[in-house]
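**Student:** Before I ask anything, let me first share the structure, which is written out below as structure tokens.
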Amino acid sequence: MYWKLDNDVPTARFLTEHERLQGIERLRANNTGIGSREFKWSHVVEVFIDPKTYLWFSMALLLNVGAAVSNVFGPLILRGLNFDKYTTSLLNIPFGAVQLLIIVISSFAAHKAKLKSVVLAVIMVPVVIGLVVLYVLPRTKANTAPNLIAYYLLAFLFGGNPLLVTWLVGNTAGTTKKTVLTVVYNIGVSAGNIIGPLLFNAKDAPTYLPGLRAVLGMFCALIAIIFAQWLLLVALNKRQEKRRVANGKPAKIIDRSMMNEYTVQDGEVEMNGDAALHDLTDMKNDEFVYIY
């Protein structure tokens, strides 16, 4: 990676000089910054006073509790449906296929709709439905098909992390702030993967109802937190509009980074856009537009 992976757009060897300038313009458009090698303690402080941080962390934690459940206890749940170990291994193949499909489909949907929060919340709904079915239905032969489908619905949760990462990065400016916030996110991911297996006890086999009940509650909480983060971002954009007006700028500006083509309309008021070149955080830059 050190040998082949370039550090940033301005030094990317696979881009032409013209393409580097285009890339910088694209980064400047979303005001998240083009990168800096200076570590800024003010950015670190801002991470921990920013309420968004704790919502990102909570989402990472809760989402990956469920990921640990399906990874570690998926085969045990299938064994609880009275399958032998060989059939259990075969039945995990479609589970992986659903993971792949939902990652591709959800990422494409978020890209086309220009919405992360809605798509993220929508793909969590099948997970909740699957957990409800696994919790309610007994592990009898007559219920094998619905229980198996419910287990496959848990694979929808794997579309969550790619969306969550892009949503987090798209709403964070400043190199140091973005780096520290990514560390906080990874702490949440790791903690979730540690907590998940601890919710399931061997004495609860083969239904594991207490563990399923706990995870069900966490995913309901996750959907609520996604909605809370969306409301917070809406409020922050309203505050940004007031700041721009107070600074003599138009209240509404267009986030060109969310457009399919980077174009400038005739007669349109141009914003400075240079704030992205000064490694400002999203809280310090009044031209920053939060994305949903």
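Coordinate-derived values only; no laboratory data. The shown structure was predicted, so the numbers you read here are calculated from the model rather than taken from an experiment. In this analysis, Cβ positions are derived from the backbone assuming ideal geometry, glycine residues included, and neighbour counts consider all displayed protein chains.
**Student:** What distance in nm separates the two pseudo spin-label positions at ALA145 and ILE194, each 7 Å out from Cα along the beta-carbon direction?
**Tutor:** With each label point 7 Å from Cα toward Cβ, the separation is 4.4 nm.
**Student:** Also, quick follow-up: What whole number of Å gives the distance from the Cα centroid of region 209-247 to the Cα centroid of region 159-204?
**Tutor:** 15 Å
**Student:** Please sort through the DSSP H helices of the chain and keep those with an alpha-carbon extent of at least 30 Å along the long axis and a Kyte-Doolittle average not below -0.5.
**Tutor:** Numbers: long enough: 51-79 (42 Å, 1.00); 85-113 (42 Å, 1.01); 175-198 (35 Å, 0.72); 209-246 (55 Å, 0.90).
Result, helices passing both filters: 51-79, 85-113, 175-198, 209-246.
**Student:** With unit charges on the beta carbons (Lys and Arg positive, Asp and Glu negative) and the dipole taken about the Cα centre of the chain, which residue among TYR185, ASN143, TRP41 sits farthest to the positive side?
**Tutor:** After comparing all options, I get ASN143.
**Student:** Modelled label-to-label distance, ASP8 and THR207, 7 Å Cα→beta-carbon offset: nm?
**Tutor:** Once both label points are built, they end up 5.7 nm from each other.
**Student:** Any chance you could run the full-extension gain for MET1 through ASN247? It's 0.36 nm times the residue separation minus the Cα-Cα distance, nm to one decimal.
**Tutor:** Working: separation 246, 0.36 × 246 = 88.56 nm, distance 4.35 nm.
Length gained between MET1 and ASN247: 84.2 nm.
**Student:** Are any of the pairs LYS112/LYS238; LYS178/LYS249; LYS114/LYS252; LYS114/LYS238; LYS116/LYS178; LYS4/LYS112 more than 21 Å apart by Cα-Cα distance, and if so, which? Show your work: numbers first, answer last.
**Tutor:** Numbers: LYS112/LYS238 24 Å; LYS178/LYS249 26 Å; LYS114/LYS252 18 Å; LYS114/LYS238 19 Å; LYS116/LYS178 18 Å; LYS4/LYS112 30 Å.
Pairs exceeding 21 Å: LYS112/LYS238; LYS178/LYS249; LYS4/LYS112.
**Student:** Please identify, among LEU15, LEU163, LEU115, the residue showing maximal mean-square fluctuation in a Gaussian network model of the chain using a 10 angstrom Cα cutoff.
**Tutor:** Judging by the Gaussian network model, the answer is LEU15.
**Student:** In nm, what is the difference between 0.36 nm times the number of residues separating VAL136 and ALA97 and their Cα-Cα distance?
**Tutor:** Working: separation 39, 0.36 × 39 = 14.04 nm, distance 2.56 nm.
Full extension from VAL136 to ALA97 adds 11.5 nm.
**Student:** Now, a different point. Could you work out [θ]222 nm for the chain from helices alone, using -39500 (n - 2.57) per DSSP H run of at least four and dividing by all its residues? Round to the nearest 500 deg cm²/dmol. Don't skip to the answer; put the middle values down first.
**Tutor:** Working: 9 runs with 184 residues, N = 292.
Only helices count here, giving -22000 deg cm²/dmol.
**Student:** Now, a different point. Of the candidates ALA202, ALA67, ALA251, which one comes out as most mobile in a Gaussian network treatment of the chain with C-alpha springs shorter than 10 Å?
**Tutor:** Per the Cα network of the chain with a 10 Å cutoff, ALA202 tops the list.
**Student:** Please name whichever of TYR290, PHE219, ALA113 sits farthest to the positive end of the charge dipole of the chain, dipole taken about the Cα centre and charges placed at Cβ: Lys and Arg +1, Asp and Glu -1.
**Tutor:** Farthest towards the positive end: PHE219.
**Student:** With each pseudo-label sitting 7 Å past Cα toward Cβ, what's the ARG20-ASN186 distance in nm, one decimal?
**Tutor:** Result: 2.8 nm between the two label points.
**Student:** Pick from VAL128, VAL98, VAL245: which is most flexible by mean-square fluctuation in a GNM of the chain where alpha carbon atoms under 10 Å apart are linked?
**Tutor:** VAL245
**Student:** What is the log10 of I(q)/I(0) for region 44-239, computed with the Debye formula using one identical point scatterer on each Cα and no solvent, at q = 0.09, 0.12, 0.13 Å⁻¹?
**Tutor:** Each listed q corresponds, in turn, to -0.35, -0.60, -0.70.
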